[in-house]
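Just below is one structure, and these are the notes that go with it.
The values are calculated or read from the model by the stated rules, or taken from the named source; none is laboratory data. The structure displayed is predicted, hence computed values, not measured ones. As a convention, Cβ positions derive from the backbone with ideal geometry for all residues, glycine included, and neighbour counts pool all protein chains shown. We work out accessible area using only protein heavy atoms, side chains counted, and drop any ligands, DNA or RNA first. Shrake-Rupley method; radii C 1.70, N 1.55, O 1.52, S 1.80 Å.
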Amino acid sequence: MKRKTPEGASFAEATEGAQLFAPSAARNLAAIASELAQIAPHRGKALEIASGTGQQVIAHAKAHPDILWQPSEIDKDRIASIDAYVTQAALSNLAPAIELDATASGWGATARYDLMLLSNLLHLISAQEAQTILTEAAQALSPNGRFMIYGPFMRGGVLTSEGDANFHASLRTQDPEIGYKDDGWLEATAQDAGLTLYRKTEMPANNLAFTFAKP
């Protein structure tokens, strides 16, 4: 998969050196961090899928010093940005970014994680790609591991705000295979992959956070 950046999706701007800054990542951070605090293990190894600029994983590593954090990306400019933030933060529990296409088959068998995190990606990829992420994540999770997914979703097949309806329509116009996924579809697809719903939380700006657990 090549990262899609449809019109209206989050963007990142250059700051200093290789570091990029995404305003949406800054806006979402507090809500994501608060939910993560409710579901994260006390210790272990965590993978952030599609870490973007790297802004959020730095904050998560600071808040959870006993978790070893592994950021990942597929875009080389964003990998460079992540690594610039990692170098600046100089945290012993934060590794340099790895190149990972989470929509490709096979990566779930290569490592084990106690925690996985994915934010604001599923509406920018196809249902098939999202299904692959869930299948591979289920393989990569350790027993009792947890996978948190954050972003905008339909509820029972319904887009519950005018803004969501407009954004979804814009995405589908640009690429008919992408757009908002339904909450019921996500839960069923995760269950088919071998995951159970641990927690589902309404988030600010009409987003949802799902945490799935591996029995």
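Given the rule -39500 (n - 2.57) for each run of at least 4 DSSP H residues, summed and divided by the residues of the chain, what is its mean residue ellipticity at 222 nm, to the nearest 500 deg cm²/dmol?
The per-residue figure over the chain is -11500 deg cm²/dmol.
Would you kindly calculate the mean projected area, averaged across all directions, of the convex hull enclosing the Cα atoms of segment 91-215, in square nanometres?
Averaged projected hull area, Cα only: 8.5 nm².
Between GLU162 and LEU197, how many nm apart are label points set 7 Å from Cα along the C-beta direction?
The answer from the label model is 3.0 nm.
Compute the accessible area per residue over the chain, keeping the other protein chains in place, probe 1.4 Å, unit Å².
Here the residues of the chain average 45 Å² of exposed surface.
Per the Cauchy relation, a quarter of the hull surface: what is the mean projected area of the convex hull of the alpha carbons in segment 1-150, in nm²?
Result: 8.2 nm².
Quick one: how many lysine pairs in the chain have C-alpha atoms under 20 angstrom apart, if they're 8 or more apart or on different chains?
So the count of such lysine pairs works out to 8.
What longest range of the chain stays clear of loop-exposed GluC sites (Glu not before Pro) (DSSP non-H/G/I/E/B, at most 15 other C-beta within 10 angstrom)?
In the chain, the maximal stretch lacking such sites is 17-176.
Considering only protein heavy atoms and a 1.4 Å probe, what is the carbon-and-sulfur percentage of the accessible area of the chain?
51
Pop a pseudo-label 7 angstrom from the Cα along the beta-carbon direction at both TRP185 and ARG27 and give the gap in nm to one decimal.
In this crude spin-label approximation the distance works out to 2.4 nm.
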